[in-house]
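Below is one structure, written out as structure tokens; the observations come after it.
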Amino acid sequence: MPNRYPVSAQFAARARVDKARYQRDYAKSLADPEAFWGEVGKRLDWIKPYSKVRDVSFNADDLHVRWYEDGTLNVAANCLDRHLETRGDKTAIIWEGDDPAESRRISYRELHAEVCKAANLLANLGVVKGDRVAIYLPMIPEAAIAMLACARIGAIHTVVFGGFSPDSLASRIADCQCKLVITADEGLRGGKATALKANVDAALLRPRTNSVETVLVVRRTGGAINMQVPRDRWWHALMEGQSTRHAAVACEAEHPLFILYTSGSTGAPKGVLHTTGGYLVFISYTHECVFDLREDDVYWCTADPGWVTGTSYGIVAPLANGVTMIVDEGDFDAERWYSLLEGQHITVWYTAPTAIRMLMKAGPELARQHHFPHLRFVASVGEPLNPQAVWWGQEVLGLPIHDNWWQTETGGIMIANTPAFDIKPGSMGRPLPGVEACIVEHLEAEGEAPRVRVIDSPDVEGELALKAGWPSMFCGYLNNEARYRKCFAGELYLTGDLARRDADGYYWFVG
């Protein structure tokens, strides 16, 4: 099995970010981050343009990371409104139901109309800028519509994976003090129904969930549910008659966009808070560069938006970049996935190492019954991608699989095997422009503040740390400032992951 897959000359020649541009951008981003990110920030439409790019302090008494703070914008407008003139009739979402016979194609114009209607619906229910909304839905278009409707009015959303229990849902509602919950009667996955509405009912009997005033219910299966009037309202009934016009609310760049919970390695789930401007700049930029996007791409990220991958690169960045994307309701099934890749002419595919290994287990014969002439880029994230999976991608799909690394806290991809460089199977790749990574060892702490030493050796192992201050960096843990402070040692964000950096500057996940 090869220990390196050279990027093909043809692929490298077409890459949006070739090796020369990567090296130029990386050097500029470290030498003058304000100039670099000030220019990248112009990729978005701003209601009020920013004049201040970066304001970072690691003083224990004033810890903050702010980006584009005097500018205003709206995420939904950047995902929809600005595409209407040139991409209005382009397909935004291809939805595949749990039953493959059930599908929908939604254009940018149609999606814009639905989001405007949903924004008006929420506003009419008294949801205002700064209110918190829990979204507990299956993989249906209404999940994206609900997320963007919240962003359009400046409400802060928290997406909860539809497979989570009532207790998990209740803990998130209580921590956020949500005003409204959006759910469905039931979810479908692998032919089995999940009682989402019943789970919401159970969750709202738990302590500290009485902040919820309204439960909106999307009719997905038509299964029998208990509607508690006046709290519970049908989504489809309230959407009827809503205007398809809505003026997007101007949000400050540092206005909170969403809260996403991550358990990490220990302890109770942490509510990771991301703001608006820097987050959208970074994920739209890295989505374009890492996946080498083209106007005619059909892009599939298999992650649910209850995980940060599904939010950042499954919904928000693809729409911000005007991509046609797949939303698949079904459970994992090798035949289903191969048929989807083949039948929808998917060009760029982003999935998890576990899924790749499950496809490997299904055997190469099944894959070879299908043809993927359109597929040109495959990437993986979530846990380490073993070298055998990279080799399998090359041998079976005809493409090596590009790994990358990031966290809920980072908001976007930090380290990646990009189109510009050879792949070393098993490696996460190299830091992206604007990301200054290093390996540290811990020293004896003084008080509660962590102390570390950067190890400059060319081939070294230790904790992976990042020089804090990239645009999509999280701005805190909800209701837990002390935990947030412990993530930093001076100007370094401590990831909690062990890694190795080799002599070529590639990073490898250790544990």
**Request:** Give the number of residues within segment 25-55 that are open to solvent by 40 Å² or more (accessible area, probe 1.4 Å), closer than 21 Å to Pro431 by Cα and among the polar types (S, T, N, Q).
**Result:** 0
**Message:** If a residue must be touching an Asp or Glu at 6+ places or on another chain (Cβ under 9 Å), open to solvent by less than 70 Å² (accessible area, probe 1.4 Å), free of Cβ contacts under 8 Å to residues at least 40 places away in the same chain and aliphatic (A, V, I, L, M), how many such residues does segment 217-246 contain?
**Reply:** 1
**Prompt:** If you check every pair at least six apart or on different chains, which have Cβ atoms under 7 Å apart with a residue in segment 486-511 that is on the phi > 0 side of the Ramachandran plot first and a residue that is crowded, with 19+ Cβ neighbours inside 10 Å second?
**Reply:** Gly505/Arg430
**Complete:** Ala123 vs (1) in contact (Cβ under 8 Å) with a residue 12 or more places away in the chain; (2) out of contact with any strand residue (DSSP E or B) (no Cβ under 8 Å at 6 or more places or on another chain); (3) open to solvent by 10 Å² or more (accessible area, probe 1.4 Å); (4) under 21 Å from Met325 (Cα atoms): all pass except (4)
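Of the residues Leu466, Leu478, which is farther than 19 Å from Thr276 by Cβ and at pLDDT 95 or above?
On the way: Leu478 fails: farther than 19 Å from Thr276 by Cβ.
Only one candidate qualifies: Leu466.
Using the structure shown, decide if Tyr22 is hydroxyl-bearing (Ser, Thr, Tyr) and either touching a Phe, Trp or Tyr at 6+ places or on another chain (Cβ under 9 Å) or within 30 Å of Ala482 (Cβ to Cβ) (or both).
Values: hydroxyl-bearing (Ser, Thr, Tyr): yes; either touching a Phe, Trp or Tyr at 6+ places or on another chain (Cβ under 9 Å) or within 30 Å of Ala482 (Cβ to Cβ) (or both): yes.
Answer is yes for this residue.
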**Asked** Are there any pairs with C-beta distances below 8 angstrom linking a residue in segment 306-322 that is free of Cβ contacts under 8 Å to residues at least 60 places away in the same chain to a residue that is open to solvent by 10 Å² or more (accessible area, probe 1.4 Å) and in a helix (DSSP H, G or I), with the two at least 6 apart or on different chains, and if so which?
**Response** Asn321/Glu288
**Asked** Where in segment 286-396 are the strands (runs of 3 or more DSSP E), entirely inside, with at least 2 residues that are within 20 Å of Trp95 (Cα to Cα) and in contact with a helix residue (DSSP H, G or I) (Cβ under 9 Å, 6 or more places away or on another chain)?
**Response** 298-301, 324-328, 348-351
**Asked** Counting only residues that are among the aliphatic types (A, V, I, L, M) and farther than 17 Å from Pro138 by Cβ, which one in segment 322-336 is surrounded by the fewest Cβ atoms within 10 Å (Cβ to Cβ)?
**Response** Ala334
**Hits in segment 455-502 - residues which are in contact with a helix residue (DSSP H, G or I) (Cβ under 7 Å, 6 or more places away or on another chain) and either among the acidic types (Asp, Glu) or closer than 12 Å to Glu409 by Cβ (or both)** = Trp470, Ser472, Gly476, Tyr477
**Request:** Restrict the check to segment 399-415 and report whether at least one residue is buried (at least 21 other Cβ atoms within 10 Å of the Cβ), part of a strand (DSSP E or B), small (Gly, Ala, Ser) and within 27 Å of the chain's Cα centre (by Cα).
**Result:** no
**Message:** Quick check on segment 197-206. Is at least one of its residues of a type in the set (S, T, N, Q) and part of a helix (DSSP H, G or I)?
**Reply:** yes
**Message:** So Ala482 passes all but one of these: (1) surrounded by 13 or more Cβ atoms within 10 Å (Cβ to Cβ); (2) among the hydrophobic types (A, V, I, L, M, F, W, C); (3) closer than 29 Å to Ile173 by Cβ. Which condition number does it fail?
**Reply:** (1)
**Prompt:** Quick one: what pairs do we get from segment 43-59, first residue free of Cβ contacts under 8 Å to residues at least 24 places away in the same chain and on the phi < 0 side of the Ramachandran plot, second of a type in the set (Gly, Ala, Ser) and in a loop (DSSP other than H, G, I, E, B), C-beta under 9 Å, 6+ apart or different chains?
**Reply:** Pro49/Gly71; Ser51/Gly71; Lys52/Gly71
**Prompt:** Got at least one residue in segment 300-321 being farther than 19 Å from Ile145 by Cα, among the hydrophobic types (A, V, I, L, M, F, W, C) and open to solvent by 10 Å² or more (accessible area, probe 1.4 Å)?
**Reply:** no
**Prompt:** Among the residues of segment 356-376, which ones are touching a His at 6+ places or on another chain (Cβ under 7 Å) and surrounded by 18 or more Cβ atoms within 10 Å (Cβ to Cβ)?
**Reply:** none
**Message:** For segment 443-464, check the following and say yes or no: at least one residue is within 19 Å of the chain's Cα centre (by Cα) and part of a loop (DSSP other than H, G, I, E, B).
**Reply:** no
**Message:** Tell me whether segment 71-87 contains one or more residues that are at pLDDT 95 or above and open to solvent by 80 Å² or more (accessible area, probe 1.4 Å).
**Reply:** yes
**Prompt:** Taking segment 260-299, which residues are open to solvent by 20 Å² or more (accessible area, probe 1.4 Å) and within 21 Å of Met428 (Cβ to Cβ)?
**Reply:** Thr262, Gly264, Ser265, Glu288
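Restricting attention to segment 176-191, and to residues there that are open to solvent by 40 Å² or more (accessible area, probe 1.4 Å) and in contact (Cβ under 8 Å) with a residue 60 or more places away in the chain, which single residue is nearest to Thr221 (Cα to Cα)?
Start the filter on segment 176-191 by keeping residues that are open to solvent by 40 Å² or more (accessible area, probe 1.4 Å), which leaves 177, 179, 186, 188-191.
Pick out the ones that are also in contact (Cβ under 8 Å) with a residue 60 or more places away in the chain and you get 188-191.
On the way: Leu188: 8, Arg189: 12, Gly190: 14, Gly191: 11 Å.
Applying the filter and picking the extreme gives Leu188.
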**Complete:** Arg82 fails exactly one of (1) outside any helix (DSSP H, G or I); (2) touching an Asp or Glu at 6+ places or on another chain (Cβ under 6 Å); (3) within 22 Å of Ala118 (Cβ to Cβ), namely (1)
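Output the residues belonging to segment 153-180 that are under 22 Å from Val316 (Cα atoms) and either part of a loop (DSSP other than H, G, I, E, B) or not aliphatic (A, V, I, L, M) (or both). Before the answer, list the steps.
Taking segment 153-180 as the starting set, the residues that turn out to be under 22 Å from Val316 (Cα atoms) are 153-163, 172, 176, 178, 180.
Correct list: Gly154, Ala155, His157, Thr158, Val160, Phe161, Gly162, Gly163, Arg172, Cys176, Cys178.
Among what's in segment 93-110 and is open to solvent by less than 40 Å² (accessible area, probe 1.4 Å) and without any contact (Cβ under 8 Å) to a residue 40 or more places away in the chain, pick the residue that is farthest from Val215 (Cα to Cα).
Ser107
Just checking: which of the helices (runs of 4 or more DSSP H) contained wholly in segment 1-68 hold 2 or more residues that are more than 30 Å from Ala489 (Cα to Cα)? Spell out the reasoning first.
On the way: elements: 9-14, 19-31, 33-40.
In segment 1-68, the matching helices (runs of 4 or more DSSP H) lie at 9-14, 19-31.
The values are calculated or read from the model by the stated rules, or taken from the named source; none is laboratory data. Predicted model, so just to flag it, every value in this text is computed and none were measured. Positions of Cβ are generated from backbone atoms using ideal geometry, with glycine treated the same way; all protein chains shown enter the neighbour counts. Keep in mind that these areas ignore ligands, DNA and RNA; they rest on the heavy atoms of the full protein, side chains included. Shrake-Rupley method; radii C 1.70, N 1.55, O 1.52, S 1.80 Å.
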